[in-house]
Ligand SMILES: CC(C)(COP(=O)(O)OP(=O)(O)OC[C@H]1O[C@@H](n2cnc3c(N)ncnc32)[C@H](O)[C@@H]1OP(=O)(O)O)[C@@H](O)C(=O)NCCC(=O)NCCS
């Protein structure tokens, strides 16, 4: 489920996507997002994550939303923490970023928590 992130002027400032939506006993998805560099620091990602997570739990009816960050991506870790996501692990060489398999911190929020 792809969404755009709008700034206060209604302009597209980024994107956020719920992907890998799994049904059956898992009822989970993965959330990914970015905000344009000149639009950062305004709380847009925090609000986008809040809205997308609410959508996942209410409209989509999921039990769990997962997100992962590079170890050095403190801004994204803050965005997740502000939305009640808890770190539950570290996945070695989880994603290939800029041609290199890189470790990621794993976060999740469960429906009814946070
Ligand atoms: C990470 C990203 C989504 C944050 O977007 P944003 O709209 O600036 O986020 P917000 O303004 O909602 O919140 C960012 C928080 O991180 C903090 N922050 C920003 N840079 C930081 C840094 N280098 N170190 C520590 N904290 C930092 C901000 O102060 C803010 O926290 P606060 O509200 O407590 O002050 C954006 O920088 C981005 O798109 N980066 C590139 C793509 C990316 O990393 N996507 C996420 C992949 S997991």
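Quick note: the coordinates plus some simple rules give every number you see, no bench work behind them. Keep in mind that what you see is a predicted model, and the values were worked out from it rather than measured. All Cβ positions, glycine included, derive from the backbone under ideal geometry; neighbour counts span all protein chains shown.
Suppose the Debye formula is applied to equal point scatterers at every Cα of region 1-106; what is log10 I(q)/I(0) at q = 0.11, 0.15, 0.16 Å⁻¹?
These q points yield log10 I(q)/I(0) values of -0.35, -0.66, -0.75.
Among 38-44, 52-58, 107-113, what's the highest-first ranking by average C-beta atoms within 10 angstrom per residue?
52-58, 107-113, 38-44
Identify which of 74, 35, 100 has the largest mean-square fluctuation in a Gaussian network model of the chain, with springs joining Cα atoms closer than 10 Å.
100
Please report how far the C-alpha centroid of region 82-114 lies from that of region 1-70, rounded to the nearest whole angstrom.
Taking the Cα centre of each part, region 82-114 and region 1-70 sit 14 Å apart.
Calculate for the chain the 222 nm mean residue ellipticity that helices alone would give, adding -39,500 (n - 2.57) per DSSP H run of length 4 or more and normalising by residue count, nearest 500 deg cm²/dmol.
Computed ellipticity for the chain at 222 nm equals -6000 deg cm²/dmol.
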